[in-house]
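Taken together, the values in this text are just the output of simple stated rules run on the coordinates, not laboratory data. All values reported here derive from a predicted model rather than from experimental measurement. We place every Cβ from the backbone using ideal geometry, glycine too, and count neighbours over all the protein chains shown.
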Amino acid sequence: MKASRLWCVGVIFLLLISSAHANLLTVQTNVVGHHEGARNETLTFDQYDGELPLESIRITFTTWMHKGALEWTNNSVETATIEDANLGIRTSLTSGDVTLDDGSGDNPWYRRPNYITLDEFELGAFQYAVLPGPESNLAQRVETTAYIASAYWDDFIGSGTFDLLYNSEPRFGSQITGGNVTQTHTPAWGNAVVVITYTAIPEPSTLALFGLTGLTAFWWRRRRNVKT
């Protein structure tokens, strides 16, 4: 009786495991290397050509920024006030091949800011100040993940390829009041990773195979334990 209960528990457990791992993933990754200032790069991906129906298409766009600097020198005896200082990059993914829309009517991967800021401060007579970018290329990270609306999946399905266009532009600036301030800028560096994940739903026969395989393994291990 105890063995029967154990068998039933094993069956339920394996069926749960099969359901949890029912979805099949196809993942593609493109990397944009470290670059200073503005950058345009074409990233090519394969369309989904699997036989199983799609459940979702997810795009994860991760950017990092580092280095660069924003500097101020007050050339006056009058104190200046510096506000809204920022340094970094602004990045986008666009495409002429596929529609990048999560159902909101907008492209969620367009003009994503990745920058550091500095609180308001005063710059005294003939003083100098700097907002440096982080030294580590992993310190300042921004990730944008969204799903393509199903109305636009046709662009992503087929046996060909499509291009996503990566664009990065420097972002810097501040509001200066008073004094006679000279502002100079060294562009920040950036790099990025774009990951597209196609999630497909297996057919019932595939799920049954998962369950049968699991049950066979469970039965074999149970029998081996009984013998020993």
Largest first and to the nearest Å, give the Cα extent of region 24-201 along each principal axis. 73, 29, 24
As an exercise, use a Förster radius of 35 Å and the Cβ-Cβ distance of LEU138 and VAL77 to find the FRET efficiency, rounded to the nearest 0.05. 0.25
For every other residue with a beta carbon closer than 10 angstrom to the beta carbon of GLY160, add +1 if it is Lys or Arg and -1 if Asp or Glu, then tell me the sum. -3
Approximate shape of region 135-194 as ellipsoid semi-axes (Cα gyration tensor, √5λ), whole Å, largest first: 39, 15, 12
What ranking, highest mean first, results for peptides 170-180, 125-135, 56-66 when packing means the other Cβ atoms within 10 Å averaged over each residue? 56-66, 170-180, 125-135
Kindly list the residues of region 155-185 that lie in the label zone of THR99, defined by a backbone N under 14 Å from the point 7 Å along the Cα-to-C-beta vector. 155-157
